[in-house]
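The values are calculated or read from the model by the stated rules, or taken from the named source; none is laboratory data. Treat the numbers as computed from the prediction; the structure is a model and nothing was measured. Here Cβ is always computed from backbone atoms with ideal geometry, including for glycine, and neighbour counts include all displayed protein chains.
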Amino acid sequence: MELGLTGRRALITGGSSGLGLGCARALVAEGATVVIAARSQSRLDVAAAAINGPVHTLVADVSDTEQALSVVERAQELLGGIDILIANAGGPPPGTFETTPLEAYLPALQLNLLSTVAMCKAAVPSMCERGWGRVVAITSMSVREPIPHLILSNTARAGLTGFLKTLSGEVARRGVTVNSLQPGLHLTDRLATLHPDPSAMAAGVPTGTLGSPDDFGRIAAFLCSESANFLTGTAIPVDGGALHGLQ
């Protein structure tokens with residue numbers, strides 16, 4: 001399928017590894033011009049070398065709202081505009097209600113909620129002016145089914161999902177779609193930090209496997225495509241069938 005992404009300009013945060021890197025590889029393969037952003041230049045350099053095509057890099061910590069705004073502005077200057085924003089960030093520390101202090105919530109909200117709000121503030125208006133744009137946020141299956149011991153992530157990503165749904169309705173008539181992807185268990189560094197033996201987690205997934213970041217990236221690329229013009233305001237699980245609910 002021709003996705004119609006040749007020449008489109010994309011910014012992907014959290015793009016130096018895992019799902020963000022998978023998205024970058026997929027978009028570059030479809031002909032998009034891509035900027036990946038992350039906190040470490042050395043990790044960005046390694047990631048850029050793993051992408052089969054030209055890619056730009058920007059250092060930014062999107063948990064800092066000012067940096068979240070500025071990375072969009074810098075990417076716009078570098079590319080001449082942004083057509084696609086893939087908003088991705090690492091997860092906050094694990095914990096329960098009992099073990100998580102009140103002061104831990106604000107950093108989690110800054111990382112997994114306010115960072116995307118800020119980037120949308122910076123990127124979406126120009127998309128609306130041009131009459132075409134794609135916003136894809138990477139959240140978590142925990143939005144539908146909260147994961148024990150991840151109370152910070154559960155809380156922040158659920159709030160982000162509400163923001164995205166609201167935004168999608170406001171900009172739909174301007175040619176801008178806004179969606180989120182809710183990953184389940186994928187082979188990423190994040191999973192390795194939460195579980196000592198990530199491969200053992202595959203037994204709990206109906207497919208019997210963990211997700212591939214590259215497969216995930218191709219799903220994100222479809223959401224960014226011309227064929228996905230009528231798909232907006234959605235929150236799509238990418239979890240190998242692990243969720244138990246009907247919605």
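Listed values, structure above:
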| item | result |
| --- | --- |
| Residue satisfying all of: in the range 30-49; of a type in the set (A, V, I, L, M) and over 19 Å from the mean Cα position of the chain (by Cα); nearest to C224 (Cα to Cα) among these | A49 |
| Residues (of a type in the set (D, E, K, R), crowded, with 17+ Cβ neighbours inside 10 Å and not in a loop (DSSP other than H, G, I, E, B)) located in the range 63-122 | R74 |
| Selection within the range 18-66 - polar (S, T, N, Q) and modelled with pLDDT of 95 or more | T33, S40, Q41, S42, T57, S63, T65 |
| Residue within the range 182-202 that is farther than 18 Å from L85 by Cα, among the β-branched types (V, I, T), modelled with pLDDT under 95 and part of a helix (DSSP H, G or I) present | yes |
| Residue in the range 129-137 that is at pLDDT 95 or above, farther than 17 Å from G20 by Cβ and assigned to a loop (DSSP other than H, G, I, E, B) present | yes |
| Any hit, the range 95-108, residues being within 29 Å of S225 (Cα to Cα) and within 17 Å of the chain's Cα centre (by Cα) | no |
| Looking only at the range 211-247, and only at residues there that are out of contact with any strand residue (DSSP E or B) (no Cβ under 6 Å at 6 or more places or on another chain) and among the polar types (S, T, N, Q), the one that is surrounded by the most Cβ atoms within 10 Å (Cβ to Cβ) | S225 |
| Test: residue in the range 145-159 that is charged (D, E, K, R), modelled with pLDDT under 95 and in a loop (DSSP other than H, G, I, E, B) | yes |
